[in-house]
Amino acid sequence: MGEHSLENILKFLEEANKTAQVNVVDEEISLCKKSNVIQFGAAFLPAFYYTNFLLSLVGNGLVLYIIYKYEKLTTITNIFLLNLVISDLIFAFSLPFWAVYHKSEWIFGSGLCKLVGSCYSIGFNSSILFLTLLTFDRYLAVVHAISAVQSRKKKYAFASSAIVWVLSILASIKDIVFYDVMKGQNGRLCEMTGYIQSTLTKWELIGYYQQFLFFFLVPLVIVLYCYSRITIRVMSTRMVEKCRAVKLIFVIVFTFFICWTPYNVVILLKAIKISFGDPNKCSEALDYALYITRDFAYLYCCISPVFYTFLGKKFQRHFLKLLAKRLPCLKINTLLSEPSSKSASVRSPTMITDHSCG
């Protein structure tokens, strides 16, 4: 986070040890001038972060209210959804701070620098893991429905959720340790600092490879495998709406792939450039690409609970009930047919406008 820190690498102050009469000589570092990238970030990112924050607040708040009002924590899916909502809200909490930061400078102090940096990392990482966990749970429920009955208990959901939180917190320790406020050429910065540049570069590389391998590649393989098996299972049944189910699966996988892949490919390229590229060669292309692709990943992170929730007809019905109570000018009819002995046909909820309203 805070990519414009690349232009404001900490210049260590020259110190003189008067007692030992030892002079410390600073090594000259060739810096890349990336004022265009900084201006692009300042113009584009704040508005996007504020928009993402509001979308996350409204969407995730709605999901939370529906779970509280109609669903409770009676199912494994709802427990995972609740944790996904919490992780996305934790992530969204950091966005207004980064918006102000990109617009001007870091004005919130050292403590909030560490807190916001860690919340960003914990929320972002846990979100992708909970999405993967939701996918794996759907796979168990559909493909191994009989054998999974015994294992899919509440304690399994709580234990799995606890493991995700622990992994996400462990992955963010470097942010808690290294993030701090420092003075740069364009004001106060909230960046990884406090250690020699080689140490910071090493941990930056660890963060890039960690993100690509453990928070993208592994989840992507799991998601593709699970939904492939689910699709095969659904197509082999006599389910009336199996075509709709397959279309929904395609939408989920396609959206997941489209939003997460570009960002993680750019992260991998940046890691390769740092590891094997010429440190004196300056290029702005990856910085622009990181800004743009990261925003798609952020957007998916913020709206994923709404996306996953309202694909299901049960939550659609709950939402329509909520609209009926809050907006008396709408008449909501939720039509469900009773399951027949051989096949079940489920009608979609319909919303009929009351023309007597203003």
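The values are calculated or read from the model by the stated rules, or taken from the named source; none is laboratory data. All values reported here derive from a predicted model rather than from experimental measurement. Cβ placement follows ideal geometry from the backbone for every residue including glycine, while neighbour counts extend to all protein chains displayed.
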Could you tell me whether any residue of segment 162-183 is part of a helix (DSSP H, G or I), over 20 Å from the mean Cα position of the chain (by Cα) and farther than 30 Å from residue 78 by Cβ? yes
Boolean, residue 204 is in contact with an Asp or Glu (Cβ under 9 Å, 6 or more places away or on another chain) and among the acidic types (Asp, Glu): no
Residue selected from segment 159-179 under the condition of a type in the set (A, V, I, L, M, F, W, C) and surrounded by 14 or more Cβ atoms within 10 Å (Cβ to Cβ), by the criterion farthest from residue 117 (Cα to Cα): 164
Name the residues in segment 63-98 that are over 16 Å from residue 124 (Cβ atoms), in contact with a Leu (Cβ under 8 Å, 6 or more places away or on another chain) and assigned to a helix (DSSP H, G or I), would you? 63, 64, 65, 66, 67, 69, 77, 79, 80, 81, 82
Those residues of segment 213-260 which are farther than 14 Å from residue 138 by Cα, within 24 Å of the chain's Cα centre (by Cα) and at pLDDT below 90, in sequence order: 247, 250, 251, 254, 255, 256, 257, 258, 259, 260
Can you find a residue in segment 284-302 that is modelled with pLDDT under 70, among the small types (Gly, Ala, Ser) and surrounded by fewer than 15 Cβ atoms within 10 Å (Cβ to Cβ)? no
Per-region count, segment 184-227, residues farther than 30 Å from residue 246 by Cα, aromatic (Phe, Trp, Tyr) and assigned to a helix (DSSP H, G or I): 3
Output the residues belonging to segment 152-174 that are within 15 Å of residue 126 (Cα to Cα) and in contact (Cβ under 8 Å) with a residue 24 or more places away in the chain. 157, 158, 160, 161, 164, 165, 167, 168, 169, 171, 172
Qualifying residue in segment 78-95 (condition: of a type in the set (Val, Ile, Thr), in contact with a Cys (Cβ under 9 Å, 6 or more places away or on another chain) and crowded, with 16+ Cβ neighbours inside 10 Å): yes
Taking residue 210 as the residue in question, decide whether it is over 27 Å from residue 261 (Cβ atoms) and not acidic (Asp, Glu). no
Examine segment 213-230 for a residue that is among the aromatic types (Phe, Trp, Tyr), surrounded by 18 or more Cβ atoms within 10 Å (Cβ to Cβ) and over 18 Å from residue 123 (Cα atoms), and state whether such a residue exists. yes
Take the conditions within 29 Å of residue 146 (Cβ to Cβ), touching a helix residue (DSSP H, G or I) at 6+ places or on another chain (Cβ under 8 Å), crowded, with 16+ Cβ neighbours inside 10 Å and modelled with pLDDT under 75 and apply them to residue 309. Does it pass? yes
Would you confirm whether any residue within segment 181-191 is crowded, with 18+ Cβ neighbours inside 10 Å, acidic (Asp, Glu), over 26 Å from residue 306 (Cβ atoms) and touching a Ser or Thr at 6+ places or on another chain (Cβ under 8 Å)? yes
Residues of segment 188-210 that turn out to be within 20 Å of residue 118 (Cβ to Cβ) and touching a residue at least 60 places away in the same chain (Cβ under 8 Å), as a count: 10
